[in-house]
1. Run the reach check for Lys386 against lysines, Cα to Cα strictly under 17 Å, same-chain hits fewer than 8 apart removed. What comes back?
2. If you compute Cα extents along the principal axes in Å for the structure shown, which of (i) 67, 66, 36; (ii) 162, 46, 38; (iii) 67, 57, 38 do you land on?
3. Please compute the per residue accessible area over the chain with all protein chains in place, 1.4 Å probe, rounded to a whole number of Å².
4. Once the Cα atoms of helix 402-436 and of the chain are each reduced to a long axis, what angle between those two axes, in degrees from 0 to 90 to the nearest 10, is obtained?
5. Label Ile350 and Glu200 with points 7 Å out from Cα along Cα→Cβ: what is the distance between them in nm?
6. Find which of Thr375, Met390, Val363 sits farthest along the positive direction of the dipole of region 360-401, computed with +1 on the beta-carbon of Lys and Arg, -1 on that of Asp and Glu, about the Cα centre.
7. Please determine, in degrees from 0 to 90 and to the nearest 10, the orientation of helix 330-396 with respect to the longest principal axis defined by the Cα atoms of the chain, where the helix direction is its Cα long axis.
8. For region 258-404, which whole-number percentage of the solvent-accessible area (1.4 Å probe, protein heavy atoms only) is attributable to carbon and sulfur atoms?
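The values are calculated or read from the model by the stated rules, or taken from the named source; none is laboratory data. Quantities reported herein were computed from a predicted structural model and do not represent experimental measurements. We place every Cβ from the backbone using ideal geometry, glycine too, and count neighbours over all the protein chains shown. These area figures cover heavy atoms from the full protein model, side chains too; ligands, DNA and RNA do not enter into them. Shrake-Rupley method; radii C 1.70, N 1.55, O 1.52, S 1.80 Å.
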Amino acid sequence: MLRSNRFFLPFIGFLLTILIMQTTGWAAEDANWRLEDCIQQGLNTSPRLRSTSEQLIRAEAGYREDRANRLGTVDITGNYSHNTEVQELSLVIPLPTGVVERKMSFGDGNNFDFAATAKLPLYTGGAISNRIRASEADRAATSYDLAADSASFVAEIRRAFFNALGAQQAVKICDLNVFTLTRHHADVAKMVEVGVGTEEQLTMAEAAVLQAEAAQAAAHSELIASQFALGNLIGLPGQLIDPTGDLTKSLFVNDITTSWNDRPEVKSIELRLKQSLSSAAVAKASFLPNLSAMAAYHYAKPGVDAISNKWMDYAIVGANLSWTLWDGKARQQRLEKSISQTRTVREKQIELRNALQSQFEIVKIRSQYADHAKTYLAKRAEAVSKRAEMVQTRYKTGSATEQEWLDAYDEANAAQLALNNGLVRLRIAEIEYLYTIAK
């Protein structure tokens, strides 16, 4: 009887270790986490999504900046300078009393000028308009990039959640297996004590318990690792997340679509192409002249009347025409880069659409076959469970050996684990399918 007790002690010690881990800060505050809770927590805390959100803020600011450039500028300036020499005019005036020489200075060498200047672009060859179109496309594309990152992140959380949920169910199966085999070992030990059992039977039962405990330890290890992985993913690193949900419930709904064209990556690459075309148009505009108007109000001393050398105000209006005729082909090279970038985006668009089409076909087949496999595994689990019951009945009457009972029970337990793994694979296949069609 003492031999059977030593199988309970490691089992109890292992459970106590898990309990201590749960009560010393390794477990999250909430006892159970639904899939919706994990997704919401992850979206609220993800550094990756915050980084993409900052990119969207920059793209929005760039768009507003380009729109503002169309409105021109208003500047206020103040200048002071001192000339060590000033222009003088000498006048010789003949008088009856003699010749008198008079000198007239243009200012005193001190120059003050305060001005408010407004400039407005009138014609830029389409540079401003196309720059606005490019930044607008960049802003929209970045918003789709954020949506794509969010969808990818949600898919990661779903995978981690169902991996943890599957590991949780596997632990329950292994715990029950250890409990059953340990109890069976105790029964065999009693049979040996009363002389109706053999040492060989006891040894076989003991080996079965040890094997089950090894599988149990591995299952608990996988569960803890998956819980930590889920916690890290949703912004709770170092905490065990205990998922709650139904592993047998499908993620598909009745109105599910079968198209990948709604993927945000598809929308984003279309807008990136538009952005690239607009950037090329900006490069082309550099070959055309620029025309701008300006108006300025000055308050200055001496201003335009250096003789009186007094404070005065005056205004200036005008226009400026500039046209670069030669720059060593620098503009041509910028245009070539823009055109090359456009071709690159087009090729990436083709590559993306081909990849998504192929991915859609793959995940569709995988989800179908994963569902078929789950059905077969469920039927097999039911069949071997019935066989185990039959062997159990024969074992009680003495018509089945210890090895037959252990083999039948081990097969039934393995079938339950295989069914659990099949359910996890099916849920993962459904997750991949949903991600492919942007659901």
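1. Qualifying lysines at Cα under 17 Å: Lys396.
2. Read-out taken from this structure: (ii).
3. Per residue, the chain has 58 Å² of solvent-accessible surface.
4. 20 degrees
5. So the label points at Ile350 and Glu200 sit 7.3 nm apart.
6. Met390
7. The answer is roughly 10 degrees.
8. Carbon plus sulfur share of accessible area: 56 percent.
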